[in-house]
1. What are the semi-axes of the equivalent ellipsoid of segment 1-145, taken as the square roots of 5 times the eigenvalues of the Cα gyration tensor, listed largest first and rounded to whole Å?
2. Kindly express, to the nearest 10 degrees and within the range 0 to 90, the angle between helix 284-295's C-alpha long axis and the longest C-alpha principal axis of the chain.
3. Using only helices, what value at 222 nm comes out for the chain when you add -39,500 (n - 2.57) per DSSP H run of length 4 or more and divide by the total residues, to the nearest 500 deg cm²/dmol?
4. Stokes-Einstein at 25 °C, 0.890 mPa s, Kirkwood radius from Cα pairs: D for segment 114-165 in µm² s⁻¹?
5. Please identify, among 183, 104, 69, the residue showing maximal mean-square fluctuation in a Gaussian network model of the chain using a 10 angstrom Cα cutoff.
6. Give me the number: length gained by fully extending residue 100 to residue 186, i.e. 0.36 nm times residue separation minus the C-alpha to C-alpha distance, one decimal in nm.
7. Taking the Cα-to-Cβ direction at residue 91 and at residue 294 and moving 7 Å from each Cα, how far apart do the two end points lie in nm?
8. I'd like the FRET efficiency for residue 83 and residue 126, computed as 1/(1 + (r/R0)^6) with the beta carbon distance as r and R0 of 45 Å, rounded to 0.05.
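Just so it is clear, none of the values below were taken in a lab; they were calculated from the coordinates. All values reported here derive from a predicted model rather than from experimental measurement. As a convention, Cβ positions derive from the backbone with ideal geometry for all residues, glycine included, and neighbour counts pool all protein chains shown.
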């Protein structure tokens with residue numbers, strides 16, 4: 001029982017790290033640019049597909065990962081130049097409709113390029129196997145690698161946001177973008193930098209998830225919903241909020257799905273518990289979001305200037 005709990009906690013943290021990589025870019029785009037990008041999950045999906053393609057072509061996981069990130073970044077910047085920058089001054093409804101249409105277009109494009117059947121890529125041999133954590137507790141090396149890589153990216157992102165001039169402008173923009181623009185900052189260039197960061201982070205999350213998840217059209221849609229939950233709980237525009245909220249959501253979602261049946265058995269029979277648990281387990285994170293919104297409408301760790 002203890003071994004199962006430890007494994008589920010690690011799974012929750014690993015899932016939370018992937019959510020953070022997606023939510024970090026989304027919260028910056030939303031916080032700095034006041035732009036609702038429903039197509040952000042598509043970058044996650046593209047990262048996964050590009051990783052599958054380039055790893056298969058090169059036979060090298062690191063090289064395939066680098067190429068996937070580079071091409072994903074180029075695709076994201078092309079979309080920003082052709083579509084997104086024309087929506088920055090439009091209403092949120094226009095942004096939602098346009099980016100939702102982009103989701104449909106890119107999902108169909110992926111089907112045309114790679115087919116509708118799920119794809120997969122093997123875990124690299126040097127990251128295969130398991131680590132013995134204790135008596136009867138084995139955990140895959142690759143999932144540990146995701147945790148380490150995600151924490152490293154989180155640390156690098158913190159340094160960039162907190163210790164560089166560009167990061168200072170990003171933080172200022174998350175608090176008051178109009179004031180930053182009024183002070184003479186090239187707001188379009190700032191928006192492009194922020195969008196580039198968001199694109200790379202989402203693509204990196206998809207590429208890292210490719211060996212352990214089914215790569216298929218629309219795989220970014222569910223992740224996008226959870227990423228919005230993360231930024232609402234953590235606070236719009238807050239990298240720190242996105243990090244801690246993503247870990248909380250990952251743990252709540254994973255442990256909720258694992259132990260909801262056992263919890264319900266305390267109040268009802270086994271068959272009824274199994275029937276109710278499926279729907280109830282998916283509600284936990286939304287109940288958590290509702291509670292946070294009730295007591296802390298700006299999130300648990302809001303960006304400075306937004307409280």
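1. Numbers: eigenvalues 226, 85, 34 Å².
Listed largest to smallest, the semi-axes of segment 1-145 are 34, 21, 13 Å.
2. 50
3. On the way: 11 runs with 226 residues, N = 307.
Calculated from helices alone, the mean residue ellipticity at 222 nm is -25500 deg cm²/dmol.
4. Values: Rh = 14.0 Å.
The calculation lands on 175 µm²/s.
5. Looking only at 183, 104, 69, the biggest GNM fluctuation is shown by 183.
6. On the way: separation 86, 0.36 × 86 = 30.96 nm, distance 2.81 nm.
Difference between extended and current length: 28.1 nm.
7. 3.2
8. On the way: r = 39 Å, r/R0 = 0.88.
FRET efficiency, residue 83 to residue 126: 0.70.
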